[in-house]
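Rule-based calculations on the coordinates, nothing more; no lab input. Since this is a predicted model, take the numbers as computed values, not measurements. Note that we place each Cβ from the backbone using ideal geometry, even for glycine, and neighbour counts take in every protein chain shown.
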Amino acid sequence: MNDVAARPDIPGANVAGTGGLILPYGGVLPTIGRDVFIAPNATVIGNVTIGDGSSVWFNVLIRGDDHWIKIGERTNLQDGTVVHLSKDTAPTWIGSDITIGHGAIIHGCTLMDRCMVGIGAIVLDGAVVETGAIVAAGAVVSPGKRVPAGEMWAGCPARKARDVRPEELVYIDRNAAHYRGLGDSYLAMRRAPVPGR
C-alpha cells in the first residue's frame, strides 16, 4: 500500500504519498494497491479499491460515495476521467489492463479486463464492455447495453461499428503496459530526492 500522510487541515482526510487527494466518505477510506501512481491533482473518495500498478492521471475524479468502485491492476485512467456510480443500484467495476482515455465518464458500469474506452467516451449505468471490446472516442454506451468481446462500438447512442482488428488487440495490451511504465517513472520522480533540499 502507498504511504499515507494525514492532512491536518481536513479532519479525517489523507493524501497518498503520490500526491493525490484521498478522502474518506462515510468512514470508508479508499484502498490503494502497491505502486499506484495518483497524480497530485487527482481525487479519490470513499469506497474505492485500486489494484497494484494502476495509474490515475491528472484531474481524474473517482467518487465512491453511494456505492463501491473497484479498479483492477495495471489499469490507467487518463487525464480528466470521471468515475462514479448510482446510489444503491449500480456500482462500478473496472477490470485489469484497461485503458480509459482522456475525459471519459465511467458511471455505474462494468469494464472487463483488457478492453479500451476511447477519449471522451461515456459508459452508463448497467452497461458492460467485454474483454477485447473497444468503445470509440466520443461514443455514448446507453444504460444496460453490452459491448461484446471483439467489437468496436461508436456513435451516440453507441452501436457496433465493426469488429476489432488484431492490431488493435495488440495495442490494448501495449498501451496498458506503456502506461504502467509511465506511472512507474512518475512514481520514481516523486520519490527521488530534490537537489539542494
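Each listed q (0.24, 0.25 Å⁻¹) maps to a log10 I(q)/I(0) for the stretch 115-195 from the Debye sum over equal C-alpha point scatterers, namely -1.04, -1.10.
DSSP beta bridges fully contained in the stretch 4-191 are about 20 percent antiparallel.
Multiplying the residue separation of W68 and R174 by 0.36 nm and removing their Cα-Cα distance gives an extension gain of 35.3 nm. Quick one: Debye curve from the alpha-carbon atoms of the stretch 35-155 only, equal weights, vacuum; give me log10 I(q)/I(0) at q = 0.15, 0.16, 0.23 Å⁻¹ to two decimals. For the stretch 35-155 at q = 0.15, 0.16, 0.23 Å⁻¹, log10 I(q)/I(0) is -0.55, -0.63, -1.37.
Compared with the alpha-carbon gap, the fully stretched path from D163 to N59 is longer by 34.2 nm at 0.36 nm per residue.
Charged side chains reduced to their Cβ positions (Lys and Arg at +1, Asp and Glu at -1) give the chain a dipole of some 200 debye around its Cα centre. Put simply, when 109-117, 24-32 are sorted by average Cβ atoms within 10 angstrom per residue, most first, you get 109-117, 24-32.
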